[in-house]
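The values are calculated or read from the model by the stated rules, or taken from the named source; none is laboratory data. Keep in mind that this is a model prediction, so the values were computed, not measured. Don't worry about glycine lacking a Cβ; one is built from the backbone with ideal geometry, like all the others, and counts go over all protein chains shown. For accessibility, only protein heavy atoms count, side chains too; no ligands or nucleic acids. Shrake-Rupley method; radii C 1.70, N 1.55, O 1.52, S 1.80 Å.
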Amino acid sequence: MLKPKKNEVRKPTKTLSGITPVAVMLPPRKCEHGDCLYCPSLNVPQSYTPKSPVVMRAKELNYDAYKQVKARINAFKAMHHPTEKIELIIMGGTFLEYPEKFQSEFIKGCYDAMNQKTSKNLKQAQKLNEKAEHRCVALCVETRPDVCSKHIDKMREFGVTRVELGVQIIDDKIYKKIQRGHTVKDVINATKNLKNAGFKIGYHIMPGLPGSNFKKDLRLFKKLFSDERFKPDQLKLYPCQVIPSSGLEEVYWKGGYKPYTKKETEHILIEMLKVVPRYCRVMRVMREIPPEYIVAGIINIDLRKDIEAEFRKKNSKLKEIRYREIGFALRRKEVNLDLDLKITKYKSSGGKEYFLEIVNKNDILFGLLRLRLFDNFAIIREIHVYGQALKLGEKGKTSQHRGLGKWLMEEAEKIVKKNKVKKLSVISGVGVREYYKKLGYKLDKTYMVKKF
Ligand code: SF4
């Protein structure tokens, strides 16, 4: 890599959403239910291929959590990105199925690397991280819908704030066909339990699976947002591809499966993107699989760019979050700073969700907050101020550090009081506890809490 020039931020989109994402890969381990039909087994972390950059980096460091985090922070620093606010993402298989001791040591290794100091135990490492130079503001794990509800307390002890569930499609017949080993009921239960515990929830969705078709994919996708038992906060759209060593490869060679063509993939993605409501963020479209590992299926990983460019050209708007974020809008220089608060209320998994947004008149998004009310409880599941990540304490010209977070919190507290709920909890990354303390919140078990 050529050394970036002074003040040049290399690959600026990486931190455009306001935080610095650090992906850490788990060592290879088989999922306990067996292999899903489309999932490769290539002697690297489950579902990944040997030449994915994140796998290659991790393998070189022997999948050591401490070394991986340290190396990523150093790489971001070298590209002149801020590294004060880290979102840690644990990838590669079903983390919660690894031995308990491994899980906690792996997480501690991550905190130690951010603290640049080895602590005696996880609790001490987290305490240290509250004021560390590299603070963990969010922590994400990927898991299966049937392997998470019973691990909720443990995930909170680790400091997890976001969970990505492999959902793929909500159809039991297809689950059986692709050997997922769980049911739609597991998805519904996991979604409810995670939301009630304050987690932000992402679904991985896979159009074009065996047993599905365009009509079915779209109908079931629409159901994700019309049926209150689902309604995820985020999505990753990964169309099905045939990868060597997967069970699907065999089916494919025998003529039993055909993936979507490029045109069909574009079509389904466009129709899906049109459906996504304003409270949901499409994190990613297409998996980054090196072309030599694709037996069949499309290889274009930047389809999203083309699709969005087409939407913008036609002046037709998408409602999903990422499309409206200020960080991306700033790159197109179309920003108006006349800001307003918008509240969307919707039913979700037996509770009421209030989705608060700070937007300008062009619907560009500057900040958001997710408040959930259920059974006389109130919990903030997410607060996020968008824009290029800034150093803590640095004054922002646009959104971050202009008091937008405080504005959102005050509005959320008003709603809670109006609903006569006496206590508000916030799920908080360990590194954001200090911020909530300044707003009058106190640590209660693993949540920041304010009583009224
Ligand atoms: S659960 Fe995920 S990682 Fe495990 S076999 Fe299925 S697709 Fe692969």
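See the values below:
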item	result
Complete set of residues in region 55-93 that are surrounded by 16 or more Cβ atoms within 10 Å (Cβ to Cβ), touching a residue at least 40 places away in the same chain (Cβ under 8 Å) and aliphatic (A, V, I, L, M)	Ala65, Val69, Ile73, Met79, Ile86, Leu88, Ile89, Ile90, Met91
Answer residue from region 407-433, given it is in contact (Cβ under 8 Å) with a residue 60 or more places away in the chain and over 23 Å from the mean Cα position of the chain (by Cα) and is least open to solvent (accessible area, probe 1.4 Å) among those	Ile415
Residues of region 145-165 that turn out to be part of a loop (DSSP other than H, G, I, E, B) and open to solvent by 10 Å² or more (accessible area, probe 1.4 Å), as a count	3
Positions within region 91-116 being within 17 Å of Lys30 (Cα to Cα) and touching a strand residue (DSSP E or B) at 6+ places or on another chain (Cβ under 9 Å), in sequence order	Met91, Gly92, Gly93, Thr94, Phe95, Leu96, Glu97
Residue tally, condition surrounded by fewer than 19 Cβ atoms within 10 Å (Cβ to Cβ) and among the polar types (S, T, N, Q), over region 361-389	2
Scan of region 106-126 for residues that are among the charged types (D, E, K, R) and surrounded by 17 or more Cβ atoms within 10 Å (Cβ to Cβ), ordered by number	Lys108, Asp112
Qualifying residue in region 177-184 (condition: within 16 Å of the ligand (Cβ to nearest atom), more than 24 Å from Lys222 (Cβ to Cβ), touching a residue at least 40 places away in the same chain (Cβ under 8 Å) and not in a strand (DSSP E or B))	yes
Filtered residues of region 24-41 (kept if open to solvent by less than 40 Å² (accessible area, probe 1.4 Å) and within 13 Å of the ligand (Cβ to nearest atom))	Met25, Leu26, Cys31, Gly34, Cys36, Leu37, Tyr38, Cys39, Pro40
Positions within region 119-144 being more than 16 Å from the ligand (Cβ to nearest atom), part of a loop (DSSP other than H, G, I, E, B) and either closer than 30 Å to Tyr48 by Cα or under 18 Å from the mean Cα position of the chain (by Cα) (or both), in sequence order	His134
Condition met for Ser52 (of a type in the set (Gly, Ala, Ser), out of contact with any Leu (no Cβ under 9 Å at 6 or more places or on another chain) and open to solvent by 20 Å² or more (accessible area, probe 1.4 Å))	no
Test: residue in region 205-223 that is closer than 30 Å to Arg135 by Cβ, under 18 Å from the mean Cα position of the chain (by Cα) and surrounded by 19 or more Cβ atoms within 10 Å (Cβ to Cβ)	no
Lone unmet requirement of (1) assigned to a helix (DSSP H, G or I); (2) open to solvent by 30 Å² or more (accessible area, probe 1.4 Å) for Asn315	(1)
Unique match (being away from the ligand (no atom under 15 Å from the Cβ) and modelled with pLDDT under 90) among Lys70, Lys85, Lys51, Lys101	Lys51
One residue from Glu308, Glu264, Glu334, Glu288 being surrounded by fewer than 20 Cβ atoms within 10 Å (Cβ to Cβ) and at pLDDT 95 or above	Glu264
Of the criteria (1) farther than 21 Å from Ser47 by Cα; (2) in a helix (DSSP H, G or I); (3) modelled with pLDDT of 95 or more, which one Glu250 fails	(1)
